[in-house]
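Here's the structure, in structure tokens; my notes come after.
The values are calculated or read from the model by the stated rules, or taken from the named source; none is laboratory data. Bear in mind that the values here come from a model prediction, so they are computed numbers and not experimental data. So basically every Cβ, Gly included, is an ideal-geometry build from the backbone, and we count neighbours across all protein chains shown. We work out accessible area using only protein heavy atoms, side chains counted, and drop any ligands, DNA or RNA first. Shrake-Rupley method; radii C 1.70, N 1.55, O 1.52, S 1.80 Å.
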Number of protein chains: 2
Amino acid sequence: MTLLSCFELGIIDALRDRPGLTAAELGEVAGAKPDAVEQLLLLLVKEGFVAHDEASGAYTLDGLAGVSDKLLEQALADLNMIKAVTLRQLFYLTESVRTGTVAGLKELYGYDGDLYGALGELPELREPWAKLMNTVTAHVDPWFFENVDIPAGSNVLDLAGNTGLGAINTLRLKGSPGLRVTNFDLPEKEKESLENFRAHGVEDQCSFIGGDVFEKVPTGFDVVLIKHFLPMFDKSDVLRILKSVHQSLDAGAQVHVLVPVFPENLKDTENYTVDFYPSFFVGCTMGQGGPQKLSTWQSWLEESGFQVTKAITDDPANLPPHALTVEAVLSATKIA
Amino acid sequence: MTLLSCFELGIIDALRDRPGLTAAELGEVAGAKPDAVEQLLLLLVKEGFVAHDEASGAYTLDGLAGVSDKLLEQALADLNMIKAVTLRQLFYLTESVRTGTVAGLKELYGYDGDLYGALGELPELREPWAKLMNTVTAHVDPWFFENVDIPAGSNVLDLAGNTGLGAINTLRLKGSPGLRVTNFDLPEKEKESLENFRAHGVEDQCSFIGGDVFEKVPTGFDVVLIKHFLPMFDKSDVLRILKSVHQSLDAGAQVHVLVPVFPENLKDTENYTVDFYPSFFVGCTMGQGGPQKLSTWQSWLEESGFQVTKAITDDPANLPPHALTVEAVLSATKIA
């Protein structure tokens with residue numbers, strides 16, 4: 001919050017425009033007492049974001065000077081999402097764990113339900129969330145489609161495809177003659193999904209089926225995509241979903257899964273997924289779920305009857321430096 | 001919160017009593033789903049607090065096994081105070097900086113004022129706060145009195161001495177024939193202060209003067225103690241207080257100041273005061289104030305007319321391993 005607050009107060013922008021401002025001058029910019037500005041900037045000096053010349057009192061950007069506008073915008077999207085979606089909510093972590101609900105949403109917003117429901121009603125959550133998700137999707141979706149094989153002319157089901165953007169991306173990135181994509185999600189997503197198909201001119205290749213994945217998965221597809229969905233659930237529900245998909249398919253059909261993963265070596269200190277995600281899923285989004293190791297996702301696919309043909313993790317070197325998530329793709333086939 | 005939540009859920013106590021419990025068994029202890037317990041414990045395994053045998057699923061205490069009950073209680077006092085006093089409040093840091101008030105107290109509790117006022121009304125803040133302060137005082141007060149010289153028979157003023165415990169400690173730790181200690185604080189502290197003096201049997205050596213340090217400091221004292229008070233204010237008010245004390249004294253009288261300090265080298269990565277205190281004072285307790293470097297406190301004493309005779313910082317090796325604060329003692333004399 002100290003770093004984010006320096007952005008919110010306009011201190012960082014002011015130092016970019018006018019290097020060498022003093023605490024008194026920055027106080028005027030921020031509409032705050034110079035003493036408070038000085039206190040906040042101590043940590044930014046310690047961490048090398050900002051430099052301070054004690055003799056003249058002048059502050060200048062240090063490490064922050066070398067960060068591109070684009071990267072900075074993405075990093076701020078992370079910080080703003082964390083502030084809105086996790087910071088205060090984690091106060092209620094224990095209650096969330098005990099009840100299997102996001103207790104913080106109830107306490108802070110009077111909202112009964114999970115984050116995904118709350119996003120629809122609360123712009124103060126939706127806006128920072130959407131901004132971050134756009135950043136993440138811009139990186140992850142192309143990587144996912146690079147790594148999955150969707151044979152020409154396939155009949156594809158995008159499971160829990162929300163408002164159809166995954167279906168549209170499938171056509172855009174893996175299009176082939178005869179390819180068709182069906183978005184399967186709750187019936188209330190139909191209208192926006194069909195509108196999106198029309199807006200992107202893909203209404204002839206895309207369709208929508210309304211239903212509930214925990215009741216019945218539609219049959220007759222060659223390829224099923226399951227993106228950003230499994231980590232929302234505990235093991236028993238993940239297995240229900242995967243078994244239900246398995247049952248819906250003919251032998252030879254394929255499933256491609258996109259999931260966040262913990263490192264196989266939990267003690268890997270370069271990887272922060274273990275620091276962030278458990279409390280994020282359990283305490284801030286679903287009251288359950290969370291990433292798993294790649295080997296765990298693989299074993300759950302196998303337990304559901306699939307033969308896993310591919311299981312790869314995004315290369316950390318390929319991730320933006322601010323990325324919180326490491327994603328994996330698992331491909332699997334229904335065997336006869 | 002992930003670590004604290006494992007304590008709140010009884011997971012750590014259960015592992016101390018019965019090493020080798022699985023996530024399923026710990027879920028029963030915690031009244032939570034095993035999946036959520038597993039997610040939370042990932043970070044404790046990463047950090048070496050807890051060990052996990054993946055083959056059997058058994059959890060045991062790892063680093064936490066070697067922490068004494070006393071130290072653990074003190075560390076939990078820190079975590080509980082941080083949860084209650086800072087976690088949610090920091091969401092409002094920017095507003096606190098802009099208004100010079102603790103915006104989080106207003107937003108979360110509808111309380112208009114600083115933390116010290118809020119403690120009187122809100123047990124959910126007072127209890128974790130008091131528990132931590134008792135831990136801190138148990139270490140800091142003996143160290144302070146070891147390092148100050150209070151000549152036998154002195155007439156001592158404890159400035160902003162709250163409910164008189166500092167006065168009582170002065171007698172207990174620096175007692176001498178004829179020594180007298182006066183607690184000077186707001187008039188509403190008189191009743192509890194006098195009760196405390198009677199309860200400790202020091203009512204003959206201790207007295208109370210009601211007043212406001214920003215109006216007038218009582219005169220006629222040989223020694224003035226200023227403990228845990230100056231960091232609550234910005235520079236201009238610290239100087240007002242020190243100048244007012246200076247004016248109240250005769251030449252040769254002494255002042256002893258106890259204050260938290262930042263390291264002279266802000267980039268010292270072993271020292272966490274810069275990480276914690278700026279947002280703590282500005283965002284969670286006073287809407288202003290904060291520690292300073294020892295050299296800054298010294299210069300402010302000199303700017304107020306004092307001659308500094310001693311300026312020492314508590315040895316980090318002497319601090320409990322969980323200590324957030326590094327304290328300093330400065331002694332100074334009014335010169336003719």
- Only one residue in B:146, B:190, B:107 is under 25 Å from residue B:73 (Cβ atoms) and surrounded by fewer than 19 Cβ atoms within 10 Å (Cβ to Cβ), so which one is that? B:146
- Query: Of the residues that make up segment B:58-67, is at least one of a type in the set (A, V, I, L, M, F, W, C), within 14 Å of chain A (Cβ to nearest Cβ) and either surrounded by 13 or more Cβ atoms within 10 Å (Cβ to Cβ) or farther than 22 Å from residue A:275 by Cα (or both)?
  - Reply: no
- Message: Here's a check for you: in segment A:149-169, which residue that is touching a helix residue (DSSP H, G or I) at 6+ places or on another chain (Cβ under 7 Å) and part of a helix (DSSP H, G or I) is most open to solvent (accessible area, probe 1.4 Å)?
- Response: A:165
- Task: Search segment A:227-240 for residues that are surrounded by 20 or more Cβ atoms within 10 Å (Cβ to Cβ) and pair each with any residue that is basic (Lys, Arg) and at pLDDT 95 or above when their beta-carbon atoms are under 8 Å apart and the residues are at least 6 apart or on different chains.
- Result: A:234/B:33
- Message: For segment B:43-50, check the following and say yes or no: at least one residue is open to solvent by 20 Å² or more (accessible area, probe 1.4 Å), farther than 20 Å from residue A:280 by Cβ and more than 9 Å from chain A (Cβ to nearest Cβ).
- Response: no
- Which is within 14 Å of another protein chain (Cβ to nearest Cβ) and surrounded by 16 or more Cβ atoms within 10 Å (Cβ to Cβ), of A:277, A:272? A:277
- Quick check, is residue B:96 within 11 Å of chain A (Cβ to nearest Cβ) and either touching a Leu at 6+ places or on another chain (Cβ under 6 Å) or not in a helix (DSSP H, G or I) (or both)? no
- Across segment B:19-30, what is the number of residues that are in contact (Cβ under 8 Å) with a residue 12 or more places away in the chain and at the interface with chain A (Cβ under 10 Å from one of its Cβ atoms)? 1
- Item | residue A:38 away from chain B (no Cβ under 11 Å) and either among the aliphatic types (A, V, I, L, M) or under 19 Å from residue B:235 (Cβ atoms) (or both) | no
- Task: Considering only segment B:1-91, give the helices (runs of 4 or more DSSP H) lying wholly within it that have at least 1 residues that are modelled with pLDDT under 95 and not basic (Lys, Arg).
- Result: B:69-81
- Note on the structure: Of the listed residues (A:103, A:65, A:58, A:75), the one being of a type in the set (A, V, I, L, M, F, W, C) and touching an Asp or Glu at 6+ places or on another chain (Cβ under 6 Å) is A:103
- Note on the structure: When (1) out of contact with any His (no Cβ under 7 Å at 6 or more places or on another chain); (2) within 17 Å of residue A:140 (Cβ to Cβ) are applied to residue A:298, the one that fails is (2)
- Task: Filter segment A:110-120 for residues that are outside any helix (DSSP H, G or I) and either surrounded by fewer than 17 Cβ atoms within 10 Å (Cβ to Cβ) or under 19 Å from the mean Cα position of the chain (by Cα) (or both) and give the result.
- Result: A:110, A:112, A:113, A:114
- Which is modelled with pLDDT under 95 and of a type outside the set (Gly, Ala, Ser), of A:330, A:324, A:294? A:324
- Taking residue A:14 as meeting all but one of (1) facing chain B (nearest Cβ under 8 Å); (2) touching a helix residue (DSSP H, G or I) at 6+ places or on another chain (Cβ under 6 Å); (3) free of Cβ contacts under 8 Å to residues at least 60 places away in the same chain, write down the number of the exception. (1)
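One residue is enough: does segment B:124-133 have a residue meeting the conditions open to solvent by 50 Å² or more (accessible area, probe 1.4 Å) and over 25 Å from residue B:198 (Cα atoms)?
Scanning segment B:124-133 turns up at least one residue that is open to solvent by 50 Å² or more (accessible area, probe 1.4 Å) and over 25 Å from residue B:198 (Cα atoms).
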